[in-house]
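The values are calculated or read from the model by the stated rules, or taken from the named source; none is laboratory data. Here the structure is a predicted model, which is why all the values come from computation and not from measurement. Glycine gets a Cβ as well: all are built from the backbone with ideal geometry, and neighbour counts include every protein chain shown.
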Amino acid sequence: MYDAVIIGAGVTGCACAMELSYCEGKVLVLEKESDVCCQTSKANSGIVHAGYDAKPGSRKAEMNVRGAAGMEELCRRLDIPYVKNGSLVISNSEEGKEELTRLLNQGKENGVKDLQILGKEELLKLEPHLSPEAKYGLYAPSAAIVCPFELTIAMGEVAAMNGVEFHFHEAVTKITRREQCSPDAGTTPEDQGGFRIETTKGIIETHTIINAAGVYADEIHNMVSSHKLNITSRKGEYYLLDKEAGEHVSHTIFSLPTKAGKGVLVAPTTHGNLLVGPNAVDIGEKEGTNTTGAGLLEVLEKSSRHVADVPLKKVITSFAGLRAHEDGDDFILGEAEDASGFFDCAGIESPGLSSAPAIGEYMAKLISAKLELPPKNNPVKERKGVTRMRELPFEKRQELVKENPSFGTIVCRCEEISEGEIIEAIRRPLGATTIDGIKRRTRAGMGRCQAGFCLPKTMEILARETNQSIEDIQKNGEGSKYLVGKTK
């Protein structure tokens, strides 16, 4: 019997798991994919939003501002990159200045500091590659960027080090009240509270549930509550450009927001690439992460309105992700009215990444109060990330190679990732079990050639370290094998 089961191992689920891991209690995270950060959280802009865009008084505004305020310190504790690069919302017209003023006042009401509206001359000093048509910009110096993979993985690792269990490849199929099930032998009515979760691998019982299932959060919620939710999958498509294009802009450049979202952005990443996107298209399926020619053309056209000469010849890949848009256009956080012990983290779209640390704290407080879980003595709250050989001084690299020669073998030439780093990623808490898992922990395969050279060697290492046949190695989970047999 678990005290809490968290459904979903994206950035919100892992934030909840990490914060709950600081309490005494038995906690499980259920994830239908092969790893943490496999769905919405993996296809994320990585922006720590300042907090001016959310409606005052909304959950989005509250959690965004709280989460962003603590993000720098959290990233320090988790040993992951954090860059406070600031953001600009650009208007190409006089009429747009009114919207920028509205956003500035809204931001002040939400508690965002140091917002200001800049004119053309000031904008071009900050960003020489802005469109010549740019007239005004809302400048938010507190905005930042993080790596969404590393943030999610790091929070999951801390949770695991504090005893939280993770079950992968295990999807929820049904949830029932335990009192509605046949009583177990020897139990009393008082023992029959909580929930029975049926999964693709068996039955799990728990006192409470946290629903952090992303685009599937409505389906999970509707299993237990008569107050139904409806979540629409909102697809966004992106271009990722090579590091040679990474300095085209230094701030995160937004267009004016619309009802569909914050618009197409152009932004640097924490690893030196340039990110362009996303568009916003509501679709009827929850797994529709394919890119489209029309969608990518839309991204290209809209980004060029605010940033000139985006070097699209430097594109190394494109991808798409889904945002969980709930009909009420706000985060749904807390205990369901008619399902005691069932807690929702639903409708977590932008600014979900920025808000995740605050949501995790909030949900952990609700659960620990509900179950009267005391705090742990000296829980793990810091972790050391995977060794980053390319960032070490030459002398430190020599010392490390002398101590462990595997760090002297470069596997991924684009990103300068060594065999030692890949081995470390596999052997860590919540270690990588797939090629994408290695990629997100080390960046092996994320460079210009997109794993064209390093994939065979990475597969060999993963097969050796996990005692698998190389023919069984998967890209990202079940049904994604690279090899089907030998030719000679």
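Scanning the stretch 423-457 for residues that are more than 22 Å from M155 (Cβ to Cβ), free of Cβ contacts under 8 Å to residues at least 60 places away in the same chain and either in contact with an Asp or Glu (Cβ under 7 Å, 6 or more places away or on another chain) or surrounded by 23 or more Cβ atoms within 10 Å (Cβ to Cβ) (or both) gives I423, G445, C454. Restricting attention to the stretch 371-405, the residues that are farther than 30 Å from A17 by Cα and not in a helix (DSSP H, G or I) add up to 3.
State yes or no: is D309 in the same structural domain as E237 (by TED's automatic domain parsing), among the acidic types (D, E) and assigned to a strand (DSSP E or B)? The answer is no for D309. Scanning the stretch 243-265 for residues that are outside any loop (DSSP other than H, G, I, E, B), at pLDDT below 95 and of a type in the set (V, I, T) returns a single hit, T258. Taken over the stretch 227-242, the criterion of being farther than 13 Å from V310 by Cα, not hydrophobic (A, V, I, L, M, F, W, C) and not in a loop (DSSP other than H, G, I, E, B) is satisfied by T232, S233, R234, K235, G236, E237, Y238.
For L371, indicate whether it is farther than 30 Å from I438 by Cβ, of a type in the set (A, V, I, L, M) and surrounded by fewer than 20 Cβ atoms within 10 Å (Cβ to Cβ). Criteria met by L371.
Test S131 against the stated conditions and say whether it is touching a residue at least 60 places away in the same chain (Cβ under 8 Å), surrounded by 15 or more Cβ atoms within 10 Å (Cβ to Cβ) and not assigned by TED's automatic domain parsing to the domain that holds S303. No: the conditions fail for S131. The set of residues in the stretch 316-348 being buried (at least 23 other Cβ atoms within 10 Å of the Cβ) and of a type in the set (D, E, K, R) consists of R323, D344. The set of residues in the stretch 199-226 being over 16 Å from R177 (Cβ atoms) and assigned to a loop (DSSP other than H, G, I, E, B) consists of T200, K201, A212, A213.
Scanning the stretch 105-117 for residues that are of a type outside the set (D, E, K, R) and either surrounded by fewer than 19 Cβ atoms within 10 Å (Cβ to Cβ) or assigned to a loop (DSSP other than H, G, I, E, B) (or both) turns up N105, Q106, G111, V112, L115, Q116, I117. Scan F149, F168 and give me the residue that is modelled with pLDDT of 95 or more, aromatic (F, W, Y) and touching a Lys or Arg at 6+ places or on another chain (Cβ under 7 Å). That would be F149, the only listed residue that is modelled with pLDDT of 95 or more, aromatic (F, W, Y) and touching a Lys or Arg at 6+ places or on another chain (Cβ under 7 Å).
Restricting G57, G25 to those that are more than 14 Å from the chain's Cα centre (by Cα), not assigned by TED's automatic domain parsing to the domain that holds I175 and not in a helix (DSSP H, G or I) reduces the list to G57.
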